[in-house]
Amino acid sequence: MPLAPGVISPLRSVPSDIPRPEYVGRARAERPAGSDVQDTDTIERMRVAGRLAAQALAEVGRAVVPGVTTDELDRIGHEFLCDHGAYPSTLGYPGNGRAPAFSKSLCTSLNEVICHGIPDSTVVQDGDICNIDITAYIHGVHGDTNATFLAGEVDEESRLLVERTHESMMRAIKAVAPGRQVNVIGRVIESYARRFGYGVVRDFTGHGISTVFHSGFVVPHYDDPDATTVLEPGMTFTIEPMLTLGTYAWDMWPDGWTVVTADRRRSAQFEHTIVVTDTGAEILTLP
C-alpha cells in the first residue's frame with residue numbers, strides 16, 4: 001500500500017547553550033553563490049561535524065527495525081546530537097515560502113519516498129527500506145549524511161537497489177579529482193544506474209556545504225552537460241544519489257516536503273559530505 005502521512009509530534013527542544021544556524025526562525029535560508037573552497041580551519045571543523053553526523057546516523061540506523069515509529073527514530077537522532085553539543089540542522093529549516101519550516105531533526109524516507117520525509121507516527125513494517133538523513137551543526141559548520149537501512153526481511157529487488165545506490169555514490173566519490181568538471185559525478189552515477197534499469201532522480205541534488213547548510217553550488221547526479229564547474233582542492237559538497245526502481249518522475253505531498261516517486265515504486269539514497277583534495281576526495285562523514 002502507498003504510504004500516507006501520520007501524526008506529527010510537537011517540536012523537540014534544543015538546549016539553549018547550543019548555537020543555532022543562522023536560518024532558524026527566519027522565513028528563508030540564504031544560498032550564497034561565492035566560492036565553495038574552504039580554508040584548513042573550516043575543513044577541520046567540518047571533519048568534527050561530519051564525524052558526529054556519521055555517529056548519529058549509525059545510532060539511528062541500529063533502531064530501524066519493524067515496529068519502530070519514524071518519530072522514535074527522530075527522537076534518537078535528536079537526543080544524540082544535542083547530547084554531543086550539536087544542533088540538528090534540519091530542525092527549523094525554512095520552507096522558503098513553499099512550506100512551513102521543517103519540524104524534525106532528521107528526515108525519514110520510507111519505500112517510495114525519495115527524500116525529505118517528515119518523521120511522524122508511521123510504523124516501520126517488516127520488509128520496508130528506510131532512509132535516514134541527518135545533519136549536525138557544530139563549531140559553526142554542517143556535516144550532512146544519509147543512508148538507507150533494511151527493516152526485517154527485505155525482498156531481493158529492494159535489497160539490490162539499496163546496495164547499488166551505495167555503490168553508485170562510492171564510484172562517484174572515487175571519480176572526484178581537481179581539474180575535473182562536476183558533471184563527472186553525475187556521469188558515473190547515471191552510467192552505473194542504467195546498467196540495472198534504475199531511474200536517477202534529477203531535481204534533487206548534492207550541494208555545497210560548510211558554514212551554510214546549502215550553498216548555491218549544485219551537484220547533479222545525472223550526466224548534466226551544463227554542470228561545468230571545475231573542481232578545486234578545498235571544495236566541500238555532498239554527493240547523495242537517489243535511485244528508483246521506476247522513473248525519476250516525482251510528486252510532492254501536501255506538506256510541501258515529502259517527495260515520492262510518481263509511480264510509487266521504491267527509491268533508495270546514500271550521502272556523504274566530501275572535500276576535494278590535491279589527488280581526489282576525502283569523505284568527511286565517517287564515524
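The table for this structure:
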quantity	calculated
Cross-chain or 6+ apart pairs with Cβ under 6 Å, segment 115-128 first and touching a residue at least 24 places away in the same chain (Cβ under 8 Å), then crowded, with 23+ Cβ neighbours inside 10 Å and acidic (Asp, Glu)	PRO119/ASP74
Options VAL37, VAL48: the member that is surrounded by fewer than 20 Cβ atoms within 10 Å (Cβ to Cβ), closer than 19 Å to THR211 by Cα and in contact with an Asp or Glu (Cβ under 7 Å, 6 or more places away or on another chain)	VAL37
Subset of segment 87-115 that is aromatic (Phe, Trp, Tyr) and out of contact with any Lys or Arg (no Cβ under 8 Å at 6 or more places or on another chain) - its residue that is nearest to SER215 (Cα to Cα)	TYR93
Lone unmet requirement of (1) closer than 20 Å to HIS139 by Cα; (2) among the hydroxyl-bearing types (Ser, Thr, Tyr); (3) assigned to a loop (DSSP other than H, G, I, E, B) for THR42	(3)
Selection status of ASP203, charged (D, E, K, R) and out of contact with any Gly (no Cβ under 8 Å at 6 or more places or on another chain)	yes
Residue list for segment 188-207, filter: surrounded by fewer than 20 Cβ atoms within 10 Å (Cβ to Cβ), among the charged types (D, E, K, R) and in a helix (DSSP H, G or I)	ARG194
Residue selected from segment 52-71 under the condition charged (D, E, K, R) and buried (at least 17 other Cβ atoms within 10 Å of the Cβ), by the criterion farthest from LYS104 (Cα to Cα)	GLU59
Odd one out for GLY206 among (1) in contact with an Asp or Glu (Cβ under 6 Å, 6 or more places away or on another chain); (2) more than 30 Å from GLY6 (Cβ to Cβ)	(2)
Residue match in segment 248-265 (condition: touching a helix residue (DSSP H, G or I) at 6+ places or on another chain (Cβ under 9 Å), surrounded by 18 or more Cβ atoms within 10 Å (Cβ to Cβ) and not in a loop (DSSP other than H, G, I, E, B))	no
Answer from GLY97, GLY77, GLY50 - the residue that is assigned to a loop (DSSP other than H, G, I, E, B) and among the small types (Gly, Ala, Ser)	GLY97
Unique residue being crowded, with 19+ Cβ neighbours inside 10 Å and assigned to a strand (DSSP E or B) when the list is ILE118, ILE134	ILE134
All positions within segment 208-232 that are farther than 11 Å from VAL182 by Cα, buried (at least 17 other Cβ atoms within 10 Å of the Cβ) and not aliphatic (A, V, I, L, M)	GLY208, SER210, THR211, PHE213, HIS214, SER215
Options ARG98, ARG26, ARG31; residue that is of a type outside the set (S, T, N, Q), in contact with a Ser or Thr (Cβ under 9 Å, 6 or more places away or on another chain) and surrounded by fewer than 19 Cβ atoms within 10 Å (Cβ to Cβ)	ARG31
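Read the figures in this text as sums done on the coordinates, not as results from a lab. Just so it is clear, the structure is predicted and the values come from calculations on it, not from any experiment. Virtual Cβ from ideal backbone geometry, glycine too; neighbours counted across all protein chains shown.
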